[in-house]
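One structure is given here, and the rest of the page talks about it.
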Amino acid sequence: MGVSNVDGVNTASCGAAGSTGHGRTVCVTGAGGFIASWLVKLLLEKGYTVRGTVRNPDDVAKNAHLTALDGAAERLSLFRADLLDQESLAAAFRGCEGVFHTACPVTEDPEKLIEPAVNGTRNVLNAAADVGGIRRVVMTSSIGAVYMNSGNRAGEADETCWSDLQYCKDTKNWYCYAKTIAEQTAWSLAAARHLDLVVINPSLVLGPLLQPAVNASTTHIAKYLDGSVKTYYANAAQAYAHVRDVADAHARAYETPDASGRYLCAGETVHRAEVCRILGKLFPEYPVPTKCKGGEGELKKGCRFSNRRLKELGVGVTPTSQCLYETVTSLQDKGLLPKPQAHAW
Ligand SMILES: NC(=O)c1ccc[n+]([C@@H]2O[C@H](COP(=O)([O-])OP(=O)(O)OC[C@H]3O[C@@H](n4cnc5c(N)ncnc54)[C@H](OP(=O)(O)O)[C@@H]3O)[C@@H](O)[C@H]2O)c1
């Protein structure tokens, strides 16, 4: 039974997942990641036999959140694989009927990002085609591959929109640059190698963590509570997605026979001032910023994202306040957010 909180936050957990995966084997790349571990959890709940690729299956502590999942002892196996080693991926995919490609470094450092994002995606698609028998590949792209161009940033973006590579380069948005090339690579290889590909493009993903350490998108929220950020920017607006909705979108994209193309997975676009207002109201014990950097000028509206196709797929869109609430309480539960200290504001 859920408990209501301020701003309509509900603390209920998601419902039963059904049993559509019995007798079916699928692989999830980068299984230990924030999104992937929720996807592995959901696939196990649905009865799938799951192979998860990780870079170090011998790291018991790092993988404990996967091995502890219900059904893991019977139906989860971890495979050592690196995105830059196609044969390691093929070894994990052989005998599977589906591949979920979620692995990718989430960083703005082009040196660490571009090669695994792009060549890694190429290796995943080629490995999936080489082993044969893969019914569908579902890839985790990003809205970073959708909206990052000078024209779209203020309007509504849908699945027909693509980020402008030159604009990404000029503005040093390397994450958007890499995700755009990676997704374009996936589409062209899928066509060339006759693979059925469906792509999920999430916005910034929040919600409870299964993995032991913070990831890039949950750090984004932690910094507004731990005192490290004193102000928010007037030109900062963002759409958020709940990690369970994102996992659900992947599973439905795999299981829905006529799913195709791209599915944006994003809630409403919210200005950082509103994010801070919600955080401050939900968690008044933390020094959440109340001031805008650069004065009280006009707040940027930000790009909005169509979730028409997502809703057609049957995926819910959790309200932003709920995403924020569950992120913070999870960070607290895991000891990843310092206890608030006495502060003056
Ligand atoms: N979180 C978001 O807000 C968000 C939004 C839109 C799209 N996405 C996309 O969603 C996917 C997952 O993101 P996340 O937030 O869950 O990230 P995450 O928690 O940082 O997980 C990333 C995963 O990628 C794996 N990985 C990185 N480099 C690799 C390599 N060379 N070979 C094999 N595995 C590698 C990591 O493995 P190790 O554990 O071994 O490092 C990790 O499991 C990414 O494709 C990301 O671009 C994320």
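Structure values in brief
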| quantity | calculated |
| --- | --- |
| Contact order relative to length of region 209-345, as percent, for alpha carbon pairs under 8 angstrom and 6 or more apart | 38 percent |
| Overall form of region 236-345 per C-alpha gyration tensor (a/c, 1.5; a/b vs b/c) | oblate |
| Dipole axis of region 102-181 (+1 Lys, Arg; -1 Asp, Glu on Cβ), positive-most option in I143, P105, G120 | G120 |
| Pairs beyond 32 Å (Cα-Cα), from K281/K334; K41/K112; K112/K223; K169/K334; K281/K311; K169/K281 | K169/K334; K169/K281 |
| Förster-model FRET efficiency, 56 Å R0, K172 and E97, C-beta, rounded to 0.05 | 0.90 |
| Dipole magnitude of the chain about its Cα centre (Cβ charges: Lys, Arg +1; Asp, Glu -1), debye to nearest 20 | 320 debye |
| Estimated 222 nm signal from helices in the chain, with DSSP H stretches of n ≥ 4 weighted -39500 (n - 2.57), rounded to 500 | -11000 deg cm²/dmol |
| Gap separating the Cα centres of region 55-84 and region 216-278, nearest whole Å | 26 Å |
| Rounded percent of accessible protein surface that carbon and sulfur make up, the chain, 1.4 Å probe | 51 percent |
| Size of charge dipole - region 154-205 - debye, nearest 20, with Cβ of Lys, Arg +1 and Asp, Glu -1, no other charges | 300 debye |
| Cα-based shape type of region 193-235, given that a ≥ b ≥ c are square roots of the gyration tensor eigenvalues and the cut on a/c is 1.5 | oblate |
| Share antiparallel - DSSP beta bridges, the chain, percent rounded to 5 | 10 percent |
| Farthest toward positive dipole pole in the chain [+1 Lys/Arg, -1 Asp/Glu at C-beta], among V199, T318, L78 | T318 |
| A157 long-range amide H proximity, modeled H, under 5 Å | R304, F305, S306 |
| Convex hull of Cα atoms in region 299-342, direction-averaged projection (nm²) | 5.6 nm² |
| Extended-chain gain in nm, criterion 0.36 nm per residue less alpha-carbon gap, E156 and Q332 | 59.9 nm |
| About the Cα centre, charge dipole magnitude for region 176-318 (Lys/Arg +1, Asp/Glu -1 at Cβ), debye | 420 debye |
| Per residue, in Å², the accessible surface of the chain once ligands and nucleic acids are set aside, probe 1.4 Å | 43 Å² |
| Debye-sum result for the chain in log10 I(q)/I(0), which assumes one identical scatterer on each alpha carbon, at q = 0.07, 0.08, 0.09 Å⁻¹ | -0.28, -0.37, -0.47 |
| All Cα pairs of region 41-186, percent lying beyond 23 Å | 44 percent |
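The values are calculated or read from the model by the stated rules, or taken from the named source; none is laboratory data. All of these numbers come straight from a predicted model, not from anything done at the bench. Positions of Cβ are backbone-derived with ideal geometry, glycine not excepted, and every protein chain shown enters the neighbour counts. Just the protein is used for accessible areas: all its heavy atoms, side chains included, with ligands, DNA and RNA removed. Shrake-Rupley method; radii C 1.70, N 1.55, O 1.52, S 1.80 Å.
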